[in-house]
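Asks: Dumping the structure here so I can ask a few things about it.
The values are calculated or read from the model by the stated rules, or taken from the named source; none is laboratory data. This one's a predicted model, so the numbers in the text were calculated from it and none came from an experiment. Note that each Cβ is placed from the backbone with ideal geometry, even for glycine, and that neighbours are counted across all protein chains shown. The accessibility values were calculated without ligands, DNA or RNA, using every heavy atom of the protein model including side chains. Shrake-Rupley method; radii C 1.70, N 1.55, O 1.52, S 1.80 Å.
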Amino acid sequence: MDYQRTSLDEALPEGQGLRDGSAASGRPGTPRPAQPPAALDPEAFSSASRNILAAINTVIDGKADAAKLALTVLLAQGHLLLEDVPGVGKTLLAKTLARTIDCSVSRIQFTPDLLPSDVTGVSIYNQASRSFEFRPGAVFANIVIGDEINRASAKTQSALLECMEEHQVTVDGKSYKLDEPFMVVATQNPIEMEGTYPLPEAQRDRFMARISMGYPDKDAEMEMLETHQAASPLAKVTAVVTAAEVAAMIETVRQVYVSQSIKDYTVSLGRATRESGLLRLGASPRSMLQLLRAAKATAALDGRDFVLPDDVVGVAESVLAHRIILDRKAASTGETPQSVIRAILARIPVSPDMAGAAPASNGQGARGTAAAPAATLQNRR
(Lines give C-alpha, C1' and ligand atoms only; values in the text may rest on other atoms or scores of the structure.)
Protein backbone atom coordinates (compact mmCIF):
# COMPACT_ATOMS: atom_id res chain seq x y z
CA MET A 1 0.00 0.00 0.00
CA ASP A 2 1.05 3.53 -0.67
CA TYR A 3 0.06 5.94 2.09
CA GLN A 4 0.58 9.65 2.20
CA ARG A 5 0.64 9.62 6.00
CA THR A 6 2.45 6.81 7.78
CA SER A 7 2.77 7.95 11.37
CA LEU A 8 0.41 9.02 14.11
CA ASP A 9 2.34 12.25 14.63
CA GLU A 10 1.73 13.30 11.03
CA ALA A 11 -1.94 12.36 11.12
CA LEU A 12 -2.59 13.91 14.53
CA PRO A 13 -0.81 17.25 15.00
CA GLU A 14 0.29 18.19 18.49
CA GLY A 15 -2.56 19.38 20.65
CA GLN A 16 -5.17 17.90 18.36
CA GLY A 17 -5.11 14.25 19.38
CA LEU A 18 -8.04 11.91 19.54
CA ARG A 19 -8.30 11.92 23.29
CA ASP A 20 -9.25 15.61 23.36
CA GLY A 21 -12.42 14.80 21.44
CA SER A 22 -11.62 16.85 18.36
CA ALA A 23 -12.24 13.88 16.10
CA ALA A 24 -15.90 13.89 16.99
CA SER A 25 -16.45 16.86 14.71
CA GLY A 26 -13.92 16.23 11.96
CA ARG A 27 -11.05 14.12 10.74
CA PRO A 28 -8.79 13.04 13.58
CA GLY A 29 -6.83 16.16 14.47
CA THR A 30 -8.69 18.43 12.04
CA PRO A 31 -11.83 20.18 13.31
CA ARG A 32 -14.64 20.58 10.79
CA PRO A 33 -15.52 24.17 9.78
CA ALA A 34 -18.53 25.48 11.66
CA GLN A 35 -20.07 27.20 8.64
CA PRO A 36 -20.36 25.93 5.05
CA PRO A 37 -18.11 27.73 2.57
CA ALA A 38 -19.51 30.59 0.53
CA ALA A 39 -20.28 29.90 -3.11
CA LEU A 40 -17.91 31.24 -5.75
CA ASP A 41 -18.93 33.96 -8.14
CA PRO A 42 -19.36 32.85 -11.80
CA GLU A 43 -15.99 34.17 -12.95
CA ALA A 44 -14.06 32.50 -10.13
CA PHE A 45 -15.90 29.20 -10.63
CA SER A 46 -15.24 29.24 -14.37
CA SER A 47 -11.57 30.12 -13.89
CA ALA A 48 -11.01 27.38 -11.31
CA SER A 49 -12.71 24.69 -13.40
CA ARG A 50 -10.78 25.71 -16.52
CA ASN A 51 -7.50 25.53 -14.63
CA ILE A 52 -8.26 22.04 -13.30
CA LEU A 53 -9.29 20.70 -16.70
CA ALA A 54 -6.31 22.31 -18.42
CA ALA A 55 -3.92 20.69 -15.94
CA ILE A 56 -5.52 17.27 -16.44
CA ASN A 57 -5.48 17.57 -20.22
CA THR A 58 -1.75 18.27 -20.22
CA VAL A 59 -1.24 14.75 -18.84
CA ILE A 60 -4.14 12.73 -20.29
CA ASP A 61 -4.07 13.07 -24.08
CA GLY A 62 -7.32 12.95 -26.03
CA LYS A 63 -9.60 12.30 -23.05
CA ALA A 64 -11.19 15.69 -22.41
CA ASP A 65 -14.64 14.14 -21.86
CA ALA A 66 -13.29 11.76 -19.21
CA ALA A 67 -11.50 14.63 -17.48
CA LYS A 68 -14.67 16.73 -17.42
CA LEU A 69 -16.74 13.86 -16.06
CA ALA A 70 -14.17 13.24 -13.31
CA LEU A 71 -14.40 16.90 -12.29
CA THR A 72 -18.19 16.70 -12.50
CA VAL A 73 -18.23 13.82 -10.01
CA LEU A 74 -15.92 15.70 -7.65
CA LEU A 75 -18.10 18.82 -7.66
CA ALA A 76 -21.25 16.69 -7.25
CA GLN A 77 -19.77 15.10 -4.10
CA GLY A 78 -19.70 11.68 -5.67
CA HIS A 79 -17.21 8.87 -6.12
CA LEU A 80 -15.71 7.68 -9.39
CA LEU A 81 -15.09 4.19 -10.75
CA LEU A 82 -12.57 3.94 -13.60
CA GLU A 83 -13.07 0.64 -15.37
CA ASP A 84 -11.13 -0.37 -18.47
CA VAL A 85 -8.37 -2.52 -19.86
CA PRO A 86 -4.81 -2.08 -18.55
CA GLY A 87 -2.62 0.72 -19.78
CA VAL A 88 -5.19 3.30 -20.89
CA GLY A 89 -4.53 5.81 -18.09
CA LYS A 90 -7.03 4.97 -15.34
CA THR A 91 -4.65 5.45 -12.43
CA LEU A 92 -2.95 8.34 -14.19
CA LEU A 93 -6.26 10.21 -14.47
CA ALA A 94 -6.98 9.64 -10.77
CA LYS A 95 -3.50 10.81 -9.71
CA THR A 96 -3.63 13.84 -11.99
CA LEU A 97 -7.00 14.96 -10.63
CA ALA A 98 -5.65 14.63 -7.11
CA ARG A 99 -2.45 16.49 -7.99
CA THR A 100 -4.35 19.54 -9.28
CA ILE A 101 -5.86 20.16 -5.84
CA ASP A 102 -3.85 21.28 -2.83
CA CYS A 103 -5.34 18.73 -0.44
CA SER A 104 -4.52 15.47 1.31
CA VAL A 105 -4.28 12.41 -0.94
CA SER A 106 -3.92 8.72 -0.11
CA ARG A 107 -3.35 5.85 -2.48
CA ILE A 108 -4.27 2.27 -1.60
CA GLN A 109 -3.04 -0.64 -3.68
CA PHE A 110 -5.79 -3.21 -3.16
CA THR A 111 -4.38 -6.72 -2.80
CA PRO A 112 -5.90 -10.02 -1.60
CA ASP A 113 -4.16 -9.72 1.79
CA LEU A 114 -5.35 -6.16 2.46
CA LEU A 115 -7.38 -5.89 5.67
CA PRO A 116 -10.30 -3.55 6.47
CA SER A 117 -8.25 -1.98 9.26
CA ASP A 118 -5.59 -1.01 6.69
CA VAL A 119 -8.25 1.13 5.02
CA THR A 120 -10.21 2.57 7.95
CA GLY A 121 -7.66 2.52 10.77
CA VAL A 122 -7.22 0.55 13.97
CA SER A 123 -7.15 1.08 17.72
CA ILE A 124 -3.74 0.22 19.21
CA TYR A 125 -3.00 -0.20 22.90
CA ASN A 126 -0.55 2.38 24.24
CA GLN A 127 1.34 0.85 27.14
CA ALA A 128 2.57 4.22 28.37
CA SER A 129 -0.90 5.68 28.76
CA ARG A 130 -2.58 2.31 29.29
CA SER A 131 -5.32 3.19 26.84
CA PHE A 132 -6.24 2.48 23.25
CA GLU A 133 -5.35 5.07 20.62
CA PHE A 134 -6.83 5.26 17.16
CA ARG A 135 -4.41 5.14 14.24
CA PRO A 136 -6.15 6.57 11.13
CA GLY A 137 -6.10 4.49 7.97
CA ALA A 138 -5.50 5.58 4.40
CA VAL A 139 -9.13 6.63 3.96
CA PHE A 140 -8.50 9.75 6.07
CA ALA A 141 -7.74 12.04 3.14
CA ASN A 142 -9.62 14.36 0.83
CA ILE A 143 -9.03 12.17 -2.21
CA VAL A 144 -8.53 8.42 -1.83
CA ILE A 145 -7.21 6.52 -4.86
CA GLY A 146 -8.06 2.83 -4.74
CA ASP A 147 -6.02 1.02 -7.39
CA GLU A 148 -7.38 -2.33 -8.64
CA ILE A 149 -10.16 -2.32 -6.07
CA ASN A 150 -11.47 -5.70 -7.20
CA ARG A 151 -8.19 -7.36 -6.16
CA ALA A 152 -9.17 -7.12 -2.48
CA SER A 153 -11.63 -9.42 -0.76
CA ALA A 154 -15.28 -8.49 -0.34
CA LYS A 155 -14.63 -7.96 3.38
CA THR A 156 -12.04 -5.29 2.64
CA GLN A 157 -14.14 -3.71 -0.10
CA SER A 158 -17.00 -3.34 2.35
CA ALA A 159 -14.79 -1.20 4.59
CA LEU A 160 -15.44 1.63 2.14
CA LEU A 161 -19.23 1.43 2.34
CA GLU A 162 -19.66 3.70 5.36
CA CYS A 163 -16.90 6.03 4.20
CA MET A 164 -18.43 6.58 0.78
CA GLU A 165 -22.03 7.01 1.91
CA GLU A 166 -21.75 8.75 5.27
CA HIS A 167 -18.27 10.33 5.05
CA GLN A 168 -17.28 8.83 8.38
CA VAL A 169 -15.49 5.83 9.86
CA THR A 170 -16.70 3.85 12.86
CA VAL A 171 -14.11 1.86 14.80
CA ASP A 172 -14.75 0.23 18.18
CA GLY A 173 -18.11 1.97 18.46
CA LYS A 174 -16.74 5.47 17.88
CA SER A 175 -17.33 7.47 14.69
CA TYR A 176 -14.77 9.77 13.09
CA LYS A 177 -15.82 12.27 10.46
CA LEU A 178 -13.84 12.55 7.23
CA ASP A 179 -12.67 15.85 5.82
CA GLU A 180 -14.60 17.63 3.09
CA PRO A 181 -14.32 17.45 0.19
CA PHE A 182 -14.04 13.66 0.21
CA MET A 183 -13.85 11.53 -2.91
CA VAL A 184 -12.94 7.93 -3.67
CA VAL A 185 -11.49 7.28 -7.12
CA ALA A 186 -11.22 3.53 -7.73
CA THR A 187 -9.87 1.62 -10.71
CA GLN A 188 -10.48 -1.92 -11.85
CA ASN A 189 -9.72 -4.12 -14.83
CA PRO A 190 -12.86 -5.86 -16.18
CA ILE A 191 -10.95 -8.18 -18.52
CA GLU A 192 -8.76 -10.26 -16.22
CA MET A 193 -11.04 -11.84 -13.62
CA GLU A 194 -8.66 -14.47 -12.21
CA GLY A 195 -7.84 -13.71 -8.60
CA THR A 196 -10.35 -10.88 -8.37
CA TYR A 197 -13.49 -10.25 -6.34
CA PRO A 198 -16.23 -8.50 -8.35
CA LEU A 199 -17.71 -5.47 -6.64
CA PRO A 200 -21.11 -6.27 -5.09
CA GLU A 201 -24.09 -4.22 -6.18
CA ALA A 202 -24.19 -2.30 -2.89
CA GLN A 203 -20.62 -1.15 -3.52
CA ARG A 204 -21.17 -0.27 -7.19
CA ASP A 205 -24.26 1.74 -6.31
CA ARG A 206 -22.16 4.03 -4.13
CA PHE A 207 -20.06 5.13 -7.10
CA MET A 208 -21.73 8.10 -8.73
CA ALA A 209 -20.30 7.39 -12.16
CA ARG A 210 -18.24 4.85 -14.05
CA ILE A 211 -15.85 5.86 -16.79
CA SER A 212 -14.42 3.59 -19.46
CA MET A 213 -11.36 5.41 -20.74
CA GLY A 214 -11.04 3.65 -24.08
CA TYR A 215 -8.05 3.80 -26.39
CA PRO A 216 -6.85 7.22 -27.58
CA ASP A 217 -7.16 8.17 -31.23
CA LYS A 218 -4.11 8.15 -33.50
CA ASP A 219 -3.24 11.83 -33.05
CA ALA A 220 -3.50 11.61 -29.26
CA GLU A 221 -1.36 8.47 -29.23
CA MET A 222 1.28 10.15 -31.38
CA GLU A 223 1.24 13.13 -29.02
CA MET A 224 1.69 10.76 -26.09
CA LEU A 225 4.76 9.22 -27.71
CA GLU A 226 6.23 12.69 -28.18
CA THR A 227 5.56 14.04 -24.67
CA HIS A 228 5.74 10.97 -22.42
CA GLN A 229 9.04 9.47 -23.60
CA ALA A 230 11.57 11.36 -21.48
CA ALA A 231 9.46 11.82 -18.36
CA SER A 232 5.87 11.68 -17.23
CA PRO A 233 4.02 15.01 -17.52
CA LEU A 234 2.48 14.21 -14.13
CA ALA A 235 5.75 15.28 -12.49
CA LYS A 236 5.18 18.84 -13.73
CA VAL A 237 1.59 19.12 -12.54
CA THR A 238 1.10 21.41 -9.57
CA ALA A 239 -1.98 22.31 -7.55
CA VAL A 240 -4.13 24.95 -9.23
CA VAL A 241 -6.84 25.16 -6.54
CA THR A 242 -7.03 24.58 -2.81
CA ALA A 243 -9.35 22.27 -0.92
CA ALA A 244 -11.21 25.34 0.36
CA GLU A 245 -11.78 26.53 -3.21
CA VAL A 246 -13.09 23.10 -4.19
CA ALA A 247 -15.46 23.22 -1.22
CA ALA A 248 -16.68 26.61 -2.43
CA MET A 249 -17.16 25.19 -5.95
CA ILE A 250 -19.23 22.37 -4.46
CA GLU A 251 -21.37 24.93 -2.64
CA THR A 252 -21.88 26.74 -5.97
CA VAL A 253 -23.11 23.51 -7.55
CA ARG A 254 -25.52 22.97 -4.65
CA GLN A 255 -27.20 26.28 -5.49
CA VAL A 256 -27.90 25.37 -9.12
CA TYR A 257 -31.64 25.58 -9.76
CA VAL A 258 -33.61 22.48 -10.75
CA SER A 259 -37.16 22.94 -12.01
CA GLN A 260 -40.01 20.61 -11.10
CA SER A 261 -40.22 19.38 -14.69
CA ILE A 262 -36.54 18.34 -14.63
CA LYS A 263 -37.15 16.42 -11.41
CA ASP A 264 -40.15 14.69 -13.00
CA TYR A 265 -38.01 13.80 -16.03
CA THR A 266 -35.27 12.35 -13.81
CA VAL A 267 -37.73 10.23 -11.84
CA SER A 268 -39.30 9.01 -15.10
CA LEU A 269 -35.91 7.75 -16.26
CA GLY A 270 -35.39 5.84 -13.03
CA ARG A 271 -38.85 4.27 -13.07
CA ALA A 272 -38.40 3.29 -16.71
CA THR A 273 -35.33 1.22 -15.79
CA ARG A 274 -37.28 -0.59 -13.06
CA GLU A 275 -40.16 -1.34 -15.41
CA SER A 276 -38.00 -2.46 -18.33
CA GLY A 277 -38.37 -6.10 -19.33
CA LEU A 278 -34.71 -6.12 -20.34
CA LEU A 279 -33.46 -5.61 -16.79
CA ARG A 280 -33.40 -7.72 -13.66
CA LEU A 281 -32.41 -4.73 -11.53
CA GLY A 282 -33.23 -1.11 -12.29
CA ALA A 283 -31.76 2.12 -11.01
CA SER A 284 -32.03 2.77 -7.27
CA PRO A 285 -33.49 5.91 -5.66
CA ARG A 286 -29.92 6.79 -4.64
CA SER A 287 -28.95 6.81 -8.30
CA MET A 288 -31.71 9.33 -9.07
CA LEU A 289 -30.33 11.69 -6.45
CA GLN A 290 -26.81 11.28 -7.78
CA LEU A 291 -27.99 11.71 -11.38
CA LEU A 292 -29.51 15.06 -10.47
CA ARG A 293 -26.38 16.13 -8.58
CA ALA A 294 -24.22 15.25 -11.57
CA ALA A 295 -26.57 17.19 -13.87
CA LYS A 296 -26.27 20.24 -11.59
CA ALA A 297 -22.48 20.02 -11.72
CA THR A 298 -22.62 19.71 -15.51
CA ALA A 299 -24.78 22.82 -15.75
CA ALA A 300 -22.39 24.76 -13.52
CA LEU A 301 -19.38 23.73 -15.60
CA ASP A 302 -21.25 24.89 -18.71
CA GLY A 303 -21.79 28.31 -17.14
CA ARG A 304 -25.45 27.97 -16.14
CA ASP A 305 -27.17 28.10 -12.78
CA PHE A 306 -30.09 25.96 -13.89
CA VAL A 307 -30.38 22.42 -15.24
CA LEU A 308 -31.54 21.46 -18.72
CA PRO A 309 -32.64 18.02 -19.90
CA ASP A 310 -29.42 17.75 -21.90
CA ASP A 311 -27.48 17.97 -18.62
CA VAL A 312 -29.35 14.92 -17.35
CA VAL A 313 -28.94 13.08 -20.64
CA GLY A 314 -25.24 13.89 -20.83
CA VAL A 315 -24.41 12.06 -17.60
CA ALA A 316 -27.20 9.45 -17.51
CA GLU A 317 -25.22 6.66 -19.15
CA SER A 318 -22.18 7.11 -16.91
CA VAL A 319 -24.30 7.40 -13.76
CA LEU A 320 -26.83 4.61 -14.42
CA ALA A 321 -25.22 1.93 -16.60
CA HIS A 322 -23.07 0.33 -13.88
CA ARG A 323 -26.03 0.08 -11.47
CA ILE A 324 -28.45 -1.93 -13.60
CA ILE A 325 -28.38 -5.67 -14.28
CA LEU A 326 -29.48 -7.13 -17.61
CA ASP A 327 -31.93 -9.96 -17.90
CA ARG A 328 -30.25 -13.10 -19.21
CA LYS A 329 -32.34 -13.15 -22.37
CA ALA A 330 -31.48 -9.52 -23.09
CA ALA A 331 -27.80 -10.22 -22.55
CA SER A 332 -27.94 -13.19 -24.90
CA THR A 333 -29.38 -10.99 -27.67
CA GLY A 334 -26.48 -8.57 -27.47
CA GLU A 335 -28.02 -5.87 -25.30
CA THR A 336 -25.74 -3.96 -22.96
CA PRO A 337 -26.54 -1.71 -19.99
CA GLN A 338 -25.43 1.25 -22.08
CA SER A 339 -27.75 0.37 -24.96
CA VAL A 340 -30.71 -0.03 -22.59
CA ILE A 341 -30.06 3.38 -21.03
CA ARG A 342 -29.79 5.00 -24.48
CA ALA A 343 -33.05 3.37 -25.57
CA ILE A 344 -34.83 4.66 -22.47
CA LEU A 345 -33.46 8.17 -23.01
CA ALA A 346 -34.75 8.11 -26.59
CA ARG A 347 -38.17 6.91 -25.44
CA ILE A 348 -38.88 9.30 -22.55
CA PRO A 349 -40.35 12.53 -23.97
CA VAL A 350 -39.13 15.99 -23.05
CA SER A 351 -42.02 18.33 -22.22
CA PRO A 352 -41.98 21.86 -23.67
CA ASP A 353 -41.78 23.50 -20.24
CA MET A 354 -38.35 21.93 -19.70
CA ALA A 355 -36.97 24.36 -22.29
CA GLY A 356 -37.53 27.24 -19.87
CA ALA A 357 -35.84 25.55 -16.95
CA ALA A 358 -34.35 28.76 -15.55
CA PRO A 359 -35.75 30.24 -12.32
CA ALA A 360 -39.00 32.06 -13.01
CA SER A 361 -38.20 35.01 -10.75
CA ASN A 362 -36.62 37.14 -13.44
CA GLY A 363 -36.53 34.90 -16.48
CA GLN A 364 -32.76 34.68 -16.19
CA GLY A 365 -30.31 32.70 -14.13
CA ALA A 366 -28.33 34.28 -11.35
CA ARG A 367 -25.31 34.27 -13.66
CA GLY A 368 -27.07 36.51 -16.13
CA THR A 369 -27.79 33.69 -18.53
CA ALA A 370 -30.71 34.33 -20.83
CA ALA A 371 -33.74 32.07 -20.88
CA ALA A 372 -32.72 28.57 -21.88
CA PRO A 373 -33.05 27.54 -25.53
CA ALA A 374 -35.26 24.66 -26.43
CA ALA A 375 -33.69 21.49 -25.12
CA THR A 376 -32.90 18.76 -27.58
CA LEU A 377 -32.27 15.13 -26.81
CA GLN A 378 -29.50 13.85 -29.00
CA ASN A 379 -29.45 10.25 -30.13
CA ARG A 380 -26.37 8.89 -28.37
CA ARG A 381 -26.39 5.48 -29.91
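Asks: Taking region 80-99, which residues are in contact with a helix residue (DSSP H, G or I) (Cβ under 9 Å, 6 or more places away or on another chain), of a type outside the set (Lys, Arg) and open to solvent by 30 Å² or more (accessible area, probe 1.4 Å)?
Replies: LEU92
Asks: Check whether at least one residue in region 311-318 is open to solvent by 10 Å² or more (accessible area, probe 1.4 Å), closer than 30 Å to SER332 by Cβ and among the polar types (S, T, N, Q), and report yes or no.
Replies: yes
Asks: Which condition number does PHE134 fail, the rest of (1) touching a helix residue (DSSP H, G or I) at 6+ places or on another chain (Cβ under 9 Å); (2) more than 25 Å from ARG254 (Cα to Cα); (3) open to solvent by 10 Å² or more (accessible area, probe 1.4 Å) being met?
Replies: (3)
Asks: Given the criteria open to solvent by less than 80 Å² (accessible area, probe 1.4 Å), over 18 Å from LEU82 (Cβ atoms), assigned to a helix (DSSP H, G or I) and touching a helix residue (DSSP H, G or I) at 6+ places or on another chain (Cβ under 7 Å), does LEU234 qualify?
Replies: no
Asks: Which of the residues spanning region 173-202 are closer than 30 Å to GLU133 by Cβ and within 19 Å of the chain's Cα centre (by Cα)?
Replies: Those that are closer than 30 Å to GLU133 by Cβ and within 19 Å of the chain's Cα centre (by Cα): LYS177, LEU178, ASP179, GLU180, PRO181, PHE182, MET183, VAL184, VAL185, ALA186.
Asks: What are the residues in region 38-68 that are farther than 18 Å from ALA94 by Cβ and either in a loop (DSSP other than H, G, I, E, B) or modelled with pLDDT under 90 (or both), if any?
Replies: Answer for region 38-68, where residues must be farther than 18 Å from ALA94 by Cβ and either in a loop (DSSP other than H, G, I, E, B) or modelled with pLDDT under 90 (or both): ALA38, ALA39, LEU40, ASP41, PRO42.
Asks: Are any residues in region 106-131 of a type in the set (Val, Ile, Thr), surrounded by fewer than 21 Cβ atoms within 10 Å (Cβ to Cβ) and touching a residue at least 40 places away in the same chain (Cβ under 8 Å), and if so, which ones?
Replies: THR111, VAL122
Asks: Tell me, which residue of region 97-124 that is among the aliphatic types (A, V, I, L, M) and in a strand (DSSP E or B) is farthest from GLU180 (Cα to Cα)? Quick ask: steps written out before the conclusion?
Replies: Our first condition is that a residue be among the aliphatic types (A, V, I, L, M); within region 97-124, this holds for 97-98, 101, 105, 108, 114-115, 119, 122, 124.
So of that shortlist, the ones also in a strand (DSSP E or B) come out as 101, 105, 108, 122, 124.
On the way: ILE101: 13, VAL105: 12, ILE108: 19, VAL122: 22, ILE124: 26 Å.
Looking at the filtered set, the residue picked out is ILE124.
Asks: Is it the case that ASP65 is without any contact (Cβ under 8 Å) to a residue 12 or more places away in the chain, in contact with a helix residue (DSSP H, G or I) (Cβ under 9 Å, 6 or more places away or on another chain) and at negative phi? Quick ask: steps written out before the conclusion?
Replies: Working: without any contact (Cβ under 8 Å) to a residue 12 or more places away in the chain: yes; in contact with a helix residue (DSSP H, G or I) (Cβ under 9 Å, 6 or more places away or on another chain): no; at negative phi: yes.
No; evaluated as a whole, the condition is false for this residue.
Asks: Another question, then. Can you tell me which residue among ARG304, ARG323, ARG293 is modelled with pLDDT of 90 or more, out of contact with any Phe, Trp or Tyr (no Cβ under 7 Å at 6 or more places or on another chain), not in a loop (DSSP other than H, G, I, E, B) and not polar (S, T, N, Q)? Write out each step before concluding.
Replies: Details: ARG304 fails: not in a loop (DSSP other than H, G, I, E, B); ARG323 fails: not in a loop (DSSP other than H, G, I, E, B).
On inspection, the qualifying residue turns out to be ARG293.
Asks: Can you name the residue in region 246-267 that is part of a helix (DSSP H, G or I) and open to solvent by 80 Å² or more (accessible area, probe 1.4 Å) and, of all such residues, is nearest to THR100 (Cα to Cα)?
Replies: ARG254
Asks: Hey, any hits in region 9-19 for a residue that's surrounded by 13 or more Cβ atoms within 10 Å (Cβ to Cβ) and modelled with pLDDT of 50 or more?
Replies: Checked against the condition, which is being surrounded by 13 or more Cβ atoms within 10 Å (Cβ to Cβ) and modelled with pLDDT of 50 or more, region 9-19 yields no hits at all.
Asks: On the basis of being open to solvent by 10 Å² or more (accessible area, probe 1.4 Å), farther than 25 Å from ARG342 by Cβ and part of a helix (DSSP H, G or I), does MET224 make the cut?
Replies: Here the answer is yes, as MET224 does meet what is asked.
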